Amino acid sequence: MDGEPKRAHIVTFGCQMNESDSELMAGLLEGMGYECTDALDRADVILLNTCCVRETAENKVWGLLGRLKKLKHDRPDLIIGVSGCMPQQAGVPADIKRRFPHVDLVLGTHNRHELPDMITRIRSQRVRVHEVWEAAETLPEGLPVRRQGGIRAWVPVIHGCNNFCTYCIVPFVRGRERSRRPESVVEEVRALVKQGYREVTLLGQNVNSYGKDLGNGVDFANLLYLLNEIEGLWRVRYMTSHPRDFNDRLIEAVAACEKVCENFHLPAQAGSNQVLRRMNRGYTREYYLDTVHSIRAKISEAGLSTDLMVGFPGETEDDFAQTLDLVRQVRYDQAFTFVYNPRRGTPAAGMPEQVPDAVKSQRIQELIALQKEISLENNRLSEGSVLEVLVEGTAEDKPGVLTGRCRTNKQVAFPGSEERIGRLVRVAIDKAHLAFLSGHED
Ligand code: SAM
Ligand code: SF4
Ligand code: F3S
């Protein structure tokens with residue numbers, strides 16, 4: 001109805017980079033006068049910001065698009081859009097056009113900033129607008145961002161990926177590495193601190209490549225030193241580090257910069273050299289273990305997390321046993337575990353010896369069970385200690401209980417009043433649980 005504000009609803013799938021893109025597109029929509037709403041059925045624009053890293057992520061999108069057909073039928077003025085990684089795959093925009101004619105808008109990762117212009121065209125010309133750029137040299141700076149929460153913020157520092165791990169679709173849908181200029185990152189973080197944000201997480205598929213394309217001598221360690229100088233900022237995190245490009249300069253920077261948290265997310269993927277080679281990961285098991293050793297030698301309290309995959313083509317029982325053994329040796333605090341899923345157009349999808357589903361399923365269960373044991377044992381080591389927690393909010397289901405994270409990124413819960421939200425609080429840990437620690441204010 002004229003005069004009433006229009007509403008937009010964004011559904012985000014996939015990784016933090018997509019979360020961050022959704023915040024940007026929400027900012028662009030607000031700039032057009034839209035209010036963001038949690039109620040999908042009351043929205044005038046519904047945007048699905050998609051992921052294609054595994055088939056399960058894609059299926060969720062296809063299912064939701066099917067269900068939205070009726071909503072569009074009842075309200076023809078509703079704009080339904082698909083953005084993100086899925087439309088960057090060859091054939092997907094055509095599939096959407098054919099199977100889901102109620103989708104008005106399709107855009108990709110490289111032209112997300114075109115969203116306002118595309119919506120204006122749809123409204124004024126009553127047409128469908130499907131436009132996906134194949135690549136973008138640079139991404140525009142200074143666009144409005146509507147962020148979730150007021151304490152922690154995502155800040156992308158490098159877009160794209162040059163690594164081409166043989167199982168992974170990301171380099172195909174996100175393009176080549178493009179670093180943001182350090183001045184732009186610093187300016188954005190300064191502005192965030194002025195708005196009250198206290199923690200930033202720097203995002204990139206491989207943050208260790210940061211700066212290589214800039215040609216100004218600034219690397220990721222330099223960026224950390226620059227951000228560490230920002231007054232009013234309390235914590236800096238980053239993800240993800242590729243083990244191959246991880247170096248001592250970065251460990252030294254983390255040790256030297258008091259704002260940079262001692263948490264290392266270092267995806268191993270597999271413990272067998274044979275599998276690592278066929279994955280094109282560019283490091284060996286021995287190199288990986290050396291890196292872990294160097295981190296722990298310099299920063300004894302370091303937290304370590306990882307991504308692991310089971311069922312890569314040709315993975316034998318012995319290969320899998322080596323992944324279990326790596327987990328036992330490193331003793332990660334947390335591991336994100338995945339079953340290999342063939343992605344069209346990636347080299348691994350065409351490799352012989354695809355592992356049967358039943359074997360994959362048995363291996364992932366074994367891996368998860370082992371990691372759970374280790375996570376709980378590691379968490380128990382914190383019992384009796386005092387941790388610095390940045391309080392983010394209240395527990396959803398427990399009134400009077402606050403939650404936040406310690407420097408090594410473990411979730412901590414403790415009783416307290418809401419005026420503690422947004423503060424750094426020292427919490428004495430009483431009890432370890434599998435996914436969090438509980439305690440009381442020291
Ligand atoms: N850039 C990060 C890195 O190199 O570790 C990870 C990005 S990817 C979005 C996150 C994780 O998804 C990967 O670490 C990998 O374990 C998993 N992944 C990627 N492609 C996959 C596939 N085809 N099947 C199963 N898991 C996959
Ligand atoms: Fe994918 Fe490998 Fe790039 Fe990570 S480094 S996004 S796993 S290709
Ligand atoms: Fe998915 Fe794209 Fe991220 S494929 S994991 S949303 S970069």
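With springs only between Cα atoms under 10 Å apart, run a GNM on the chain and tell me which of 293, 110, 102 wobbles the most.
Taking springs between Cα atoms under 10 Å, the residue moving most is 293.
Which distance in Å, rounded to a whole number, links the C-alpha centroids of the range 379-442 and the range 301-368?
Value for the Cα centre distance between the two parts: 32 Å.
Classify the range 1-111 from the C-alpha gyration tensor, please: rounded if a/c falls under 1.5, else prolate or oblate depending on whether a/b exceeds b/c. Write out the running numbers ahead of the final one.
Numbers: a/c = 1.89, a/b = 1.27, b/c = 1.48.
The shape class here is oblate.
Classify the range 81-139 from the C-alpha gyration tensor, please: rounded if a/c falls under 1.5, else prolate or oblate depending on whether a/b exceeds b/c. Don't skip to the end; give the middle numbers.
Numbers: a/c = 2.58, a/b = 1.12, b/c = 2.31.
In terms of gyration-tensor shape, oblate.
Using each residue's phi in the range 24-38, evaluate 6.51 cos²θ - 1.76 cosθ + 1.60 at θ = phi - 60° and report the 3J(HN,Hα) Karplus result to the nearest Hz, with x for Gly and Pro.
Along the range 24-38, the couplings run 5, 5, 5, x, 5, 5, 4, x, 8, x, 7, 9, 7, 10, 7 Hz.
For the range 290-307, what does the Karplus curve 6.51 cos²θ - 1.76 cosθ + 1.60, with θ = phi - 60°, yield as ³J(HN,Hα) per residue in whole Hz, taken in order and with x for Gly and Pro?
4, 4, 4, 4, 4, 4, 5, 5, 8, 10, 5, 8, 4, x, 10, 10, 7, 10
Let me spell out the model: positive unit charges on the Cβ of Lys and Arg, negative unit charges on the Cβ of Asp and Glu, origin at the Cα centre of the chain. What dipole size does that give, in debye rounded to 20? Walk me through the numbers on the way to the answer.
Working: 57 positive and 61 negative charges, 188 e Å.
Magnitude of the dipole: close to 900 debye.
Rounded to the nearest 0.05, what FRET efficiency do residue 277 and residue 426 give with R0 = 41 Å and r taken as the Cβ-Cβ distance? Could you check? Walk me through the intermediate numbers first.
Working: r = 46 Å, r/R0 = 1.13.
For R0 = 41 Å, the calculated efficiency reads 0.35.
Would you calculate a helix-derived [θ] at 222 nm for the chain, using -39,500 (n - 2.57) for each DSSP H run of n ≥ 4 and dividing by the full residue count, to the nearest 500? It would help to have the intermediate numbers written out before the result.
On the way: 12 runs with 149 residues, N = 442.
Rounded to the nearest 500, the figure is -10500 deg cm²/dmol.
Between residue 337 and residues 5 or more places away or on another chain, which pairs have amide H atoms under 5 Å apart, with H built 1.01 Å from N, and which residues are they?
Close amide H contacts, sequence-distant or interchain: 308.
Net charge near residue 355, counting Lys/Arg +1 and Asp/Glu -1 over other residues with Cβ under 11 Å of its Cβ? Write down the numbers at each step before the final one.
On the way: positive: 360, 363; negative: 315, 317, 319, 353, 357.
The answer is -3.
Using the heavy atoms of the protein chains alone and a 1.4 angstrom probe, what is the accessible area of the range 283-324 per residue in square angstrom?
On the way: 1610 Å² over 42 residues.
I get 38 Å² per residue for the range 283-324.
From the square roots a ≥ b ≥ c of the eigenvalues of the alpha-carbon gyration tensor of the range 147-261, which class results: rounded (a/c under 1.5), prolate (a/b over b/c), or oblate? Working shown, then result.
Numbers: a/c = 1.84, a/b = 1.45, b/c = 1.27.
Cα axes put the range 147-261 in the prolate bin.
For the pairs 298/431; 298/360; 194/410; 69/410, flag any whose C-alpha to C-alpha distance is greater than 31 Å.
Distance filter (> 31 Å) returns 298/360; 69/410.
Can you tell which of 275, 45, 127 shows the greatest fluctuation in a Gaussian network model of the chain with Cα springs below 10 Å?
Highest fluctuation of the listed residues: 127.
Residue separation times 0.36 nm, minus the C-alpha to C-alpha distance between residue 372 and residue 411: what's the value? Write down the numbers at each step before the final one.
Numbers: separation 39, 0.36 × 39 = 14.04 nm, distance 1.53 nm.
Length gained, residue 372 through residue 411: 12.5 nm.
Using a basic spin-label model with each label point 7 Å from the Cα along Cα→Cβ, how many nm lie between residue 435 and residue 230?
With each label placed 7 Å out from Cα toward Cβ, I get 3.0 nm.
Taking H as built 1.01 Å from N, whose amide H comes closer than 5 Å to the amide H of residue 35, not counting residues under 5 places away?
Answer set, sorted by chain and number: 6, 7, 8.
What is the Cα coordinate range of the chain on the first, second and third principal axes, sorted by size from largest, in whole angstrom?
Cα spread of the chain along its principal axes, largest to smallest: 63, 58, 48 Å.
The values are calculated or read from the model by the stated rules, or taken from the named source; none is laboratory data. Computed from a prediction, not measured in an experiment: that's the story for all the values here. Cβ sites come from the backbone with ideal geometry, for glycine too, and all protein chains shown count toward neighbours. These accessible areas exclude ligands, DNA and RNA; they are computed on the full protein's heavy atoms, side chains included. Shrake-Rupley method; radii C 1.70, N 1.55, O 1.52, S 1.80 Å.
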